[in-house]
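Student: Sharing a structure below in structure tokens format, with a few things to ask.
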Amino acid sequence: MSDFNRQFLFDQIAEVKQKLTLRQKLAKRTTFLTGTAAIALGAVVGAGVGAGVGVAVYNSWTRPAAVVVNDAKSVTWITGAAAVAAPSVVTINVAGTSGSGSGSGVFLTEDGFILTNTHVVTLDGSSASVKIEVKTSDGHVYSGKVIGTDPINDLAVVKISAPITFKPITFADSNLINVGDRVLAIGAPLGLPNTVTEGIVSALNRTIAVASAAVPENSGSGTGGLQLFSGTGTAVNLRVIQTDAAINPGNSGGALVDETGKLIGINVAIASAGSSGQSGNIGVGFAIPSDVAKRIAKEIMTTGKASHALFGAGVIDSTNSKDNSGFSVGALVKELTAGGAAEKAGVKVGDIVVKFNGQAITSAGELTAAVRQEPAGAKAQVELLRDGKSVILNVVLGDAANLK
């Protein structure tokens with residue numbers, strides 16, 4: 001930034017200071033991210049982040065901000081992205097007959113719709129009737145109610161009501177992120193609100209299995225969505241973003257954002273090196289892509305539930321070894337549902353699905369997760385191996401609700 005522009009900014013800052021009333025000055029002392037810091041922040045991290053920060057903070061002097069800035073001259077993109085996104089992130093406390101727990105969430109709308117994980121609002125599947133309190137980034141607490149849950153993708157929507165407007169998170173296109181992109185995780189690990197951790201996108205289109213948070217199928221004795229599935233009870237497969245940004249218990253349902261503070265994922269799980277129980281971050285965390293989260297959230301807000309696609313085929317892992325002991329290389333079709341989507345599209349028993357909508361499929365779990373991210377009736381392109389030759393088919397997916 002040129003000396004002229006720098007001087008201009010500081011002249012504007014001085015003018016703002018002179019116009020503050022005594023009340024504003026007193027409020028300003030309790031505001032962690034001041035108007036001065038926000039303006040300087042805009043000059044450092046760019047108009048895409050800083051402009052929004054300056055306006056938001058200047059218009060809310062009396063509200064404590066979520067991000068502390070002690071030296072506005074040395075702020076980084078991390079501070080900027082956090083300042084943009086943190087006001088949209090909440091802490092959620094849940095109490096049920098079998099216990100209590102906490103997690104995080106993000107505002108979807110100005111009137112108080114919040115997106116979080118199903119395992120947060122069901123206490124890992126142990127309770128369908130819970131008391132919910134939501135604490136916003138400025139410390140206000142509101143009662144909340146569950147609008148709907150989607151255990152298949154571990155997402156849920158909560159609603160709070162208040163005579164004010166909230167700041168909804170801005171969604172980024174998760175289909176455009178790259179491995180190596182810098183990201184922030186924002187949430188309340190161990191109940192500590194407004195916590196920011198930095199990392200990168202470690203991998204994309206990763207499939208993990210987590211314990212189901214559905215009620216009452218899950219007894220609640222497992223670790224829910226926070227840990228990888230340990231092999232007992234009911235599991236669901238999730239197609240996720242992998243990150244090394246520190247994620248710990250309490251981060252579930254919180255935001256994974258890009259360098260501009262836009263949402264690219266909802267934090268959902270961590271890998272654990274321990275043999276049992278919840279352990280801390282080891283640099284392997286997972287988030288549900290924002291495009292999937294946005295679709296699910298919209299359906300729940302509109303109808304109270306989410307739809308899921310159905311492929312209409314029974315599949316198992318396919319390997320190159322006769323005893324199935326090697327690496328899985330695709331999803332082997334073992335049976336077809338009569339009149340189902342796969343049969344109608346021309347899929348045959350013995351086919352090996354290796355791609356779904358352009359994404360590599362190396363296991364039965366990956367295919368299941370990829371299909372269930374799609375809405376009922378969605379169109380998809382499937383690439384499969386048949387007698388050693390590649391075959392590409394267009395499929396109109398069915399409705400998983402028909403299985404019930």
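The values are calculated or read from the model by the stated rules, or taken from the named source; none is laboratory data. These numbers come from a predicted model, not from an experiment. Quick reminder, even Gly has a Cβ in these numbers, built from the backbone with ideal geometry, and neighbours come from all protein chains shown.
Student: Which pairs have Cβ atoms under 6 Å, sit 6 or more apart or on different chains, and link a residue in segment 295-312 that is more than 29 Å from Leu336 (Cα to Cα) to one that is surrounded by fewer than 22 Cβ atoms within 10 Å (Cβ to Cβ) and of a type outside the set (A, V, I, L, M, F, W, C)?
Tutor: The qualifying pairs are Ile300/Gly148; Gly304/Gly148.
Results for (1) buried (at least 20 other Cβ atoms within 10 Å of the Cβ); (2) under 20 Å from the mean Cα position of the chain (by Cα); (3) modelled with pLDDT of 95 or more, shown as yes or no for each residue.
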{"position": "Ile264", "(1), (2), (3)": "yes, yes, yes"}
{"position": "Ile296", "(1), (2), (3)": "yes, yes, yes"}
{"position": "Met301", "(1), (2), (3)": "no, yes, yes"}
{"position": "Ser325", "(1), (2), (3)": "no, no, no"}
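Student: For segment 145-159, indicate whether the set of residues that are of a type in the set (A, V, I, L, M, F, W, C), within 18 Å of the chain's Cα centre (by Cα) and at pLDDT below 95 is non-empty.
Tutor: Yes, segment 145-159 has at least one match.
Student: Which condition breaks for Ser88 when tested against (1) of a type outside the set (D, E, K, R); (2) under 22 Å from Val257 (Cβ atoms); (3) free of Cβ contacts under 8 Å to residues at least 24 places away in the same chain?
Tutor: Among (1) of a type outside the set (D, E, K, R); (2) under 22 Å from Val257 (Cβ atoms); (3) free of Cβ contacts under 8 Å to residues at least 24 places away in the same chain, the lone unmet condition for Ser88 is (3).
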